[in-house]
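Working notes for the structure below.
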Amino acid sequence: MTVSSLAPPVPLPTSGRGDGGSDIDGWRMTALGKLLRTTAFQLTLVYLTFFALFAAFLLGYFYWKTDSLITEQLTQTVDAEITGLSEQYRQGGIRRLVLVVDARSRRPGSSLYLVTTPTGEGLAGNIGSLTTGVLESSGWTETAYRRLDDPDGTGHHALVQVFQLPGGFRLLVGRDLEERERLHDIVLAAGRWSLAIVMVLGVAGGLFVTRRVLKRVDAMTETTRKIMEGDLAGRLPIAGTGDELDRLASNLNAMLERIEALMHGLKEVSDNIAHDLKTPLTRLRNRCEEALRLAEDESQYRAALESTIEESDALIRTFNALLMIARAESGQARDGMIEFDAAEIARDVGELYEPLADDKGIHLTVETSTAAPVHGNRELVSQALANLVDNAIKYGAPAPAGVNGAEAGIVVKAEGEGDRILLSVADGGRGIPEADRGRAVERFVRLEQSRSLPGSGLGLSLASAVARLHGGELKLEDNHPGLKTVISLPRAAPIQVSG
């Protein structure tokens with residue numbers, strides 16, 4: 001066989017389409033490459049490979065079992081014929097055996113017979129030639145042969161058994177393997193067609209699935225690009241099929257809504273800080289200038305410094321409240337969570353604020369019937385409840401004369417309700433209109449337009465942030481009259497008290 005050398009590359013003719021055609025081809029190649037690099041297409045190829053290997057294994061197993069069955073049938077048939085011919089030889093000698101073999105050789109079919117002398121000269125049979133050395137050893141073998149009645153002398157393959165007869169004569173009986181070879185060709189053809197069909201259908205299905213997935217991923221990518229450019233109102237498209245891409249898009253949309261809300265809140269906080277902190281800072285500067293300009297003795301300087309320190313303390317409290325809200329909203333405070341009794345917090349806060357309420361002429365009572373176990377940050381929950389009590393004292397009306405203080409004053413409660421622990425503060429003041437309750441929990445929002453009372457507008461914001469940190473919520477309800485603020489927290493397991 002002559003192996004030819006490789007021919008030199010032949011230059012391809014130019015298409016004459018210009019740069020536009022090249023750009024289109026480049027775009028097509030880029031799109032095709034993008035398609036082929038997708039995970040969905042690569043997974044399809046992996047599954048297709050496994051399926052093709054499995055199909056090939058099944059075909060191979062089928063061929064092996066069928067080949068074994070055919071070979072077993074052939075050997076049983078040949079063994080039976082050799083047994084019968086040996087009996088003919090035993091009864092009538094070589095002459096009778098030759099007659100029987102000659103008669104059987106004339107029958108059409110795939111049976112092969114040959115009787116030879118000790119020197120290898122043929123006496124009877126339908127075999128014209130054999131592979132050299134086949135008759136020299138007894139037993140089973142596969143060999144090439146030519147039939148006497150084959151006009152064109154085509155070569156064949158057969159499974160034969162050589163049997164040594166008494167007197168040195170040899171008897172060969174076999175079967176042509178054409179049926180087995182035909183089966184082999186059928187299995188190979190079926191395997192090739194099956195593999196081709198599997199490959200075509202697999203690649204077509206992979207391209208369809210990949211294109212469909214890629215279309216949705218491209219839509220998500222385009223949306224995320226717009227979001228990165230500043231359009232926080234953009235949302236990932238949801239096909240409505242409920243598949244993994246829809247679940248991913250739903251979770252990302254929820255995250256985007258949270259981010260948008262945080263960014264909106266950050267903008268409001270920045271605006272409110274610039275607005276609400278500008279006034280006290282301006283007062284600080286004006287007082288310092290006034291002291292430098294008008295103070296005549298040490299007492300006036302001292303009064304100016306005391307006023308400046310008081311204003312600075314208020315600013316520090318505002319910044320501390322902002323830091324506490326940020327700490328609660330970021331989840332950093334989860335590290336210090338412990339099991340504690342919210343009823344103890346209610347009693348401690350009530351005891352702390354009772355003198356201040358008495359100074360305002362407001363009767364403050366605390367009601368805690370049973371333990372109220374909560375898992376959380378004790379410091380933040382205490383501060384949140386303290387803010388609610390402080391607001392109630394500021395905006396709650398004094399108890400009218402002759403009215404029971406428990407009804408007309410401030411009531412702090414810690415109680416259980418199902419799987420929730422409720423910390424509530426109820427007052428008899430002016431309350432908050434239902435339309436303004438959603439806005440009241442925002443940072444720096446003060447519904448008192450005159451702003452004559454001290455405060456930063458962060459108390460309810462902090463209480464709401466602390467409630468959300470603990471998996472709860474802050475509710476503003478009507479107390480008829482007045483306002484009832486409720487911090488609802490998940491109930492924890494009962495606190496074990498060691499004896």
The range 212-244, subset open to solvent by less than 60 Å² (accessible area, probe 1.4 Å) and aliphatic (A, V, I, L, M), residue nearest to Leu262 (Cα to Cα): Leu232
Checking the condition under 30 Å from Gln73 (Cα atoms) and surrounded by 11 or more Cβ atoms within 10 Å (Cβ to Cβ), which residue from Ser194, Ser250 passes? Ser194
Being more than 40 Å from the chain's Cα centre (by Cα), assigned to a loop (DSSP other than H, G, I, E, B) and at pLDDT 85 or above, is that true of even one residue in the range 431-450? no
Limited to the range 84-135, what total is found for residues that are of a type in the set (A, V, I, L, M, F, W, C), open to solvent by 60 Å² or more (accessible area, probe 1.4 Å) and under 22 Å from Thr154 (Cα atoms)? 0
With respect to Leu177, determine if the residue is among the hydrophobic types (A, V, I, L, M, F, W, C) and open to solvent by less than 60 Å² (accessible area, probe 1.4 Å). yes
Test Gly499 against the criterion of being part of a loop (DSSP other than H, G, I, E, B) and either buried (at least 22 other Cβ atoms within 10 Å of the Cβ) or modelled with pLDDT of 85 or more (or both), and give yes or no. no
Pick out the one residue from Arg147, Arg182 that is open to solvent by 50 Å² or more (accessible area, probe 1.4 Å) and either touching a Ser or Thr at 6+ places or on another chain (Cβ under 6 Å) or within 21 Å of Pro108 (Cα to Cα) (or both). Arg182
Restricting the range 138-197 to residues that are part of a strand (DSSP E or B) and over 24 Å from Ser86 (Cα atoms), which is farthest from the chain's Cα centre (by Cα)? Arg146
Among residues of the range 211-253, those that are assigned to a loop (DSSP other than H, G, I, E, B) and without any contact (Cβ under 8 Å) to a residue 24 or more places away in the chain, counted: 13
Would the range 129-139 turn up any residue that is of a type outside the set (Asp, Glu) and touching a helix residue (DSSP H, G or I) at 6+ places or on another chain (Cβ under 8 Å)? no
If a residue must be part of a helix (DSSP H, G or I) and either acidic (Asp, Glu) or open to solvent by less than 80 Å² (accessible area, probe 1.4 Å) (or both), how many such residues does the range 337-376 contain? 16
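The values are calculated or read from the model by the stated rules, or taken from the named source; none is laboratory data. Just so it is clear, the model here is predicted, and its values are computed rather than measured. Neighbour counts run over all protein chains shown; Cβ positions are idealised from the backbone, glycine included. Ligands, DNA and RNA are stripped out before the accessible areas are found, and what is left, the full protein with its side chains, is counted by its heavy atoms. Shrake-Rupley method; radii C 1.70, N 1.55, O 1.52, S 1.80 Å.
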